[in-house]
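Structure, as structure tokens:
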Amino acid sequence: MQQLSRRQFIRTSLAGAGALAAMPACLAADTTARFRASDIVTLGKTGIKTTRLAQGTGYNGYNRSSAQTRAGKEAFDRLVRHSVDEGVTFMDMADLYGSHPFVRETLRGMPRDKFVYLTKIWPRKENWVTPSGGAREEVDRFRKELDTDKLDIVLIHCMLNDKWATEYARVRDELSELKQKGVVRAVGVSCHDFGALKVAAEHPWVDVILARINHKGGREYSMDGTAEEVSAVLKKARQNGKAIVGMKIFGAGKFAKNSEEKDASLRYVFGHNLVDAITVGMMNPAEVDDTVRHMEAVRIG
């Protein structure tokens, strides 16, 4: 290949610069905000940095099982490894889903500090669990199930009324002790009630809220109020420094086959600056690719 002289190089460079200057602004630079699944974000004031998308492990979860775990180890491995290959390192788990041992085995041998583990304590007695009433016993068990010394985020799971802070005071107190000892990095709640969400948005104990949000709103789309009502509370929570992880972004699966609705929900959630990150209960590599693709298509501004 013929080498350019210094003069030719400068002339060529200037010509290129002139062409760029003459280019329409909309083509010269893309100034819109983008929201990639693998973007690293900081969760509120926790200092925890993780990917914008979390791999959910609890679709249709009950009795320490979920659609992901019921699919079996091989399918679970394939799913989570594909998410990791796509840059997703935020793992959303819970005792209710029975997903701790599955995540442990799938991520065995990978650097623990590359992942953020979010999990949840179920505080009410059920046929599958008898809670301790606090958090120390549960957190110790979770750490063994995940083969880790530290849990990044521990939430009290599925708050159903505005009295949860009093009702689960011992759980809160023990989580605070564990946080002070460095065993847990951040604490909070997942909400399935509008009153519970409003309390969480203001309560000083809460670091992280797992909140149901999409552009449709209402019970039909697994929301705790209208889109406008929930959005107002989430904005207040973020002003208060709470980290918000959005769930039910795709209407608990109701938007699964509707690309336009998926795009509309993502634009609504990110365009209104309602969340730090989102969790999606993707079931297979194709669903991971679909979610990643829809997130990359979002443009705001």
Query - Check on residue 189, closer than 16 Å to residue 124 by Cα, in a strand (DSSP E or B) and modelled with pLDDT of 95 or more - result: yes
Query raised in the report: Which of the residues belonging to segment 44-56 are hydroxyl-bearing (Ser, Thr, Tyr) and in a loop (DSSP other than H, G, I, E, B)?
Result: 46
**Report entry** Hits in segment 144-172 - residues which are surrounded by fewer than 19 Cβ atoms within 10 Å (Cβ to Cβ), closer than 25 Å to residue 49 by Cβ and charged (D, E, K, R)
**Finding:** 145, 147, 149, 150
Report summary line: Given (1) over 28 Å from residue 282 (Cβ atoms); (2) at pLDDT below 95; (3) surrounded by 11 or more Cβ atoms within 10 Å (Cβ to Cβ), residue 34 misses just (1)
Query raised in the report: Conditions: (1) part of a strand (DSSP E or B); (2) in contact (Cβ under 8 Å) with a residue 60 or more places away in the chain; (3) within 22 Å of residue 147 (Cβ to Cβ). Residue 41 meets all but one. Number of the miss?
Result: (3)
Query - Test for residue 261: is it surrounded by fewer than 16 Cβ atoms within 10 Å (Cβ to Cβ) and either assigned to a helix (DSSP H, G or I) or among the acidic types (Asp, Glu) (or both) - result: no
Query - Residues satisfying the stated conditions in segment 264-279, i.e. more than 12 Å from the chain's Cα centre (by Cα) and crowded, with 21+ Cβ neighbours inside 10 Å - result: 265, 266, 269, 270, 274
Report task. Of the numbered conditions (1) touching a residue at least 60 places away in the same chain (Cβ under 8 Å); (2) crowded, with 18+ Cβ neighbours inside 10 Å; (3) not charged (D, E, K, R), residue 129 fails exactly one; give the number of that condition. Result -> (2)
Query raised in the report: Which of the residues belonging to segment 224-258 are modelled with pLDDT of 95 or more, of a type in the set (A, V, I, L, M) and assigned to a helix (DSSP H, G or I)?
Result: 227, 230, 232, 233, 234, 237
**Report entry** Single residue of 96, 151, 118 found to be closer than 22 Å to residue 292 by Cβ and not basic (Lys, Arg)
**Finding:** 118
Query raised in the report: For segment 139-169, how many residues are under 11 Å from residue 121 (Cβ atoms) and either out of contact with any helix residue (DSSP H, G or I) (no Cβ under 7 Å at 6 or more places or on another chain) or not in a helix (DSSP H, G or I) (or both)?
Result: 8
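The values are calculated or read from the model by the stated rules, or taken from the named source; none is laboratory data. This structure is a prediction, so every number in the text was calculated from the model and none was measured. With ideal geometry, Cβ positions are generated from the backbone for all residues, glycine too; neighbour counts draw on all protein chains shown.
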